[in-house]
Amino acid sequence: MKKIVSLILILFLVSSIWAGIGGGYSVSPIGETFGDEHFGGAAISGYFSPTGLRNIGKIEADVLLAMKSPVFRGVNLTLSTPIYQTVNHPFNYVFSNRVLWQPTIGVGVQYRNGNRLRAMVEVSPFVFQDAAFMYEILSPYVSFDFKGNYGWGITIMKFSASFGSLK
């Protein structure tokens, strides 16, 4: 009996660690140019936030799909964090509920079709979050390879369904 009670207590303690995490998924239009390569398409994304919906930081993975062949264009892996958070902002008139405005910066790596690795820096000035969704509007990024070449891209509108805890 003591072993069962101890096992249940340990299970509750371990599960409380997972109660604070969060994540989400999205599909968003994206455009990118790098050297002679240009494409427009969609990014299918998933993100994980170890701090739940408080979103102190998140890890996001994107699979990029183009509108024409070759369809698979690459993968982005980004680590980002808000630089500021407030509910008292000038954009409240756009939303029916109060949302958190949190301009975000991120760094990451890109893998492109053809075994090309690049680094990237992303700035998302218009990120809004409520309890169930995250909205990112006009998020530009700069990418560069390790040979001195660079390019840029933009995520037009990312609407993410979120899950997790505010605790």
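The values are calculated or read from the model by the stated rules, or taken from the named source; none is laboratory data. Just so it is clear, the model here is predicted, and its values are computed rather than measured. Note that we place each Cβ from the backbone using ideal geometry, even for glycine, and neighbour counts take in every protein chain shown. To get the accessible areas, we keep the full protein, side chains included, count just its heavy atoms, and leave off ligands, DNA and RNA. Shrake-Rupley method; radii C 1.70, N 1.55, O 1.52, S 1.80 Å.
For segment 107-118, name all the residues that are in contact (Cβ under 8 Å) with a residue 24 or more places away in the chain and open to solvent by 20 Å² or more (accessible area, probe 1.4 Å).
Hits for segment 107-118 are 107, 109, 111, 113, 116, 117.
Does residue 97 fit the bill of being loosely packed, with under 14 Cβ neighbours inside 10 Å, touching an Asp or Glu at 6+ places or on another chain (Cβ under 7 Å) and touching a residue at least 24 places away in the same chain (Cβ under 8 Å)?
Yes; evaluated as a whole, the condition is true for this residue.
If we keep just the residues of segment 34-78 that are out of contact with any Gly (no Cβ under 7 Å at 6 or more places or on another chain), aliphatic (A, V, I, L, M) and modelled with pLDDT of 85 or more, which is surrounded by the most Cβ atoms within 10 Å (Cβ to Cβ)?
43
If I filter segment 100-109 for residues that are under 21 Å from residue 25 (Cβ atoms), out of contact with any helix residue (DSSP H, G or I) (no Cβ under 7 Å at 6 or more places or on another chain) and aromatic (Phe, Trp, Tyr), do I get at least one hit?
Here is the first cut: in segment 100-109, the ones under 21 Å from residue 25 (Cβ atoms) are 100, 102, 104, 106, 108-109.
Restricting the remaining residues to those that are out of contact with any helix residue (DSSP H, G or I) (no Cβ under 7 Å at 6 or more places or on another chain) gives 100, 102, 104, 106, 108-109.
If we keep only those that are aromatic (Phe, Trp, Tyr) too, we end up with none.
No: zero hits.
Could you list, in sequence order, all residues of segment 102-126 that are in a loop (DSSP other than H, G, I, E, B), modelled with pLDDT under 95 and more than 12 Å from residue 80 (Cα to Cα)?
Within segment 102-126, 113, 114, 115 meet the criteria.
For segment 73-82, indicate whether the set of residues that are under 19 Å from residue 132 (Cβ atoms) and out of contact with any helix residue (DSSP H, G or I) (no Cβ under 7 Å at 6 or more places or on another chain) is non-empty.
yes
Condition test on residue 146, is it under 17 Å from residue 63 (Cα atoms) and loosely packed, with under 14 Cβ neighbours inside 10 Å?
Details: under 17 Å from residue 63 (Cα atoms): no; loosely packed, with under 14 Cβ neighbours inside 10 Å: yes.
It is false that residue 146 is under 17 Å from residue 63 (Cα atoms) and loosely packed, with under 14 Cβ neighbours inside 10 Å.
When the residues of segment 127-142 are narrowed to those that are open to solvent by less than 60 Å² (accessible area, probe 1.4 Å) and not in a strand (DSSP E or B), which ends up nearest to residue 23 (Cα to Cα)?
132
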